[in-house]
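None of the figures in this text is laboratory data; all of them are computed from the coordinates on show. No experiment lies behind these values; they were computed from the predicted model shown. Virtual Cβ from ideal backbone geometry, glycine too; neighbours counted across all protein chains shown.
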Amino acid sequence: MLSSVAKNALLLGTAAVLCVFAVAAVNEITKTEIEQQQLASKLSTLVEVMPELAGQTDILNDCVAVLDTQLLGKDAQQKIYRYRTDGQLKAYLMETTAPDGYSGAIEVLAAVTPDSEIIGVRVLSHKETPGLGDKIELRKNPWILSFNGQTVASADDKSFAVKKDGGQFDQFAGATITPRAVVKAVKNAAVYIQQHPELATLPANCGA
């Protein structure tokens, strides 16, 4: 017969195993819910930039993950979603980063046509100064809409800059660093598209 010590040890061991399985199950359920929320948030942001994407979840799967620290601003892969209609590539919706914001990196989503026209831009996250740099948020200021319809001619396009640097985009009173960083990030995103025509035919490799 098992001693009381052995019985207690067995019970504790069984309880520990059950706890591990319970925690694992909860984590898996939570992970799935978080992933679904992230997908919903990501799709809503894509729709903000291109309203015609409403209800079209397929674009989340037509995606390539790329790495270009110099042009895309991050030492990690960024996702580029490809929007197609009737088999024709209409736009790239790309994650990019402005690493040189006033208070740190600014995460950006830019919609760019294969011909380097900017369809729209949204800021995904930032730590810029409230009342100054946070005007890059659409809910704070319409400045971000100034990208709509603009075209990046080339990497040497001097007009794609803030006015203080000789370009066409307004800067904020008392906060030039933030808009300068965003303008540069959007321009670099378009330049990346120009330099990588193979993006249209690369196999999808990042899923959702």
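Considering each of 182, 191, 123, 186 in turn, give the residue that is part of a strand (DSSP E or B) and of a type in the set (A, V, I, L, M, F, W, C).
Numbers: 182 fails: part of a strand (DSSP E or B); 191 fails: part of a strand (DSSP E or B); 186 fails: part of a strand (DSSP E or B).
Criteria check complete, one pass: 123.
Go through region 49-78 and count every residue that is β-branched (Val, Ile, Thr) and either in contact (Cβ under 8 Å) with a residue 40 or more places away in the chain or closer than 24 Å to residue 148 by Cβ (or both). Spell out the reasoning first.
As a first pass, look at region 49-78 and keep what is β-branched (Val, Ile, Thr): 49, 57, 59, 64, 66, 69.
Narrowing further to those that are either in contact (Cβ under 8 Å) with a residue 40 or more places away in the chain or closer than 24 Å to residue 148 by Cβ (or both): 49, 59, 64, 66.
Here the count works out to 4.
Working only within region 199-208, note down all residues that are in a helix (DSSP H, G or I) and out of contact with any helix residue (DSSP H, G or I) (no Cβ under 8 Å at 6 or more places or on another chain).
Residues of region 199-208 that are in a helix (DSSP H, G or I), as a first pass: 199-200.
Within region 199-208, 200 is the sole residue that qualifies.
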Exercise. Using the structure shown, decide if residue 95 is surrounded by 14 or more Cβ atoms within 10 Å (Cβ to Cβ), touching a strand residue (DSSP E or B) at 6+ places or on another chain (Cβ under 6 Å), of a type in the set (Asp, Glu) and more than 22 Å from residue 65 (Cβ to Cβ).
Key: no
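Limited to region 100-137, what total is found for residues that are in contact (Cβ under 8 Å) with a residue 60 or more places away in the chain and not acidic (Asp, Glu)?
Step one: of region 100-137, the residues in contact (Cβ under 8 Å) with a residue 60 or more places away in the chain are 100-102, 106, 108-112, 114, 116, 118-122, 124.
This time we only want the ones that are not acidic (Asp, Glu), so: 101-102, 106, 108-112, 114, 116, 118-122, 124.
Qualifying residue count, region 100-137: 16.
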Practice problem: Collect the residues in region 148-198 that are free of Cβ contacts under 8 Å to residues at least 12 places away in the same chain and in contact with a helix residue (DSSP H, G or I) (Cβ under 7 Å, 6 or more places away or on another chain), keeping them in residue-number order. | Solution: 171
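Looking for whichever is outside any loop (DSSP other than H, G, I, E, B) and over 16 Å from residue 108 (Cα atoms) here; the options are 164, 158, 135. Which one fits?
Working: 158 fails: outside any loop (DSSP other than H, G, I, E, B); 135 fails: over 16 Å from residue 108 (Cα atoms).
Result of the check over 164, 158, 135: 164.
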Quiz prompt | Per-region count, region 96-142, residues in contact with a Phe, Trp or Tyr (Cβ under 6 Å, 6 or more places away or on another chain) and within 16 Å of residue 80 (Cβ to Cβ) | solution = 3
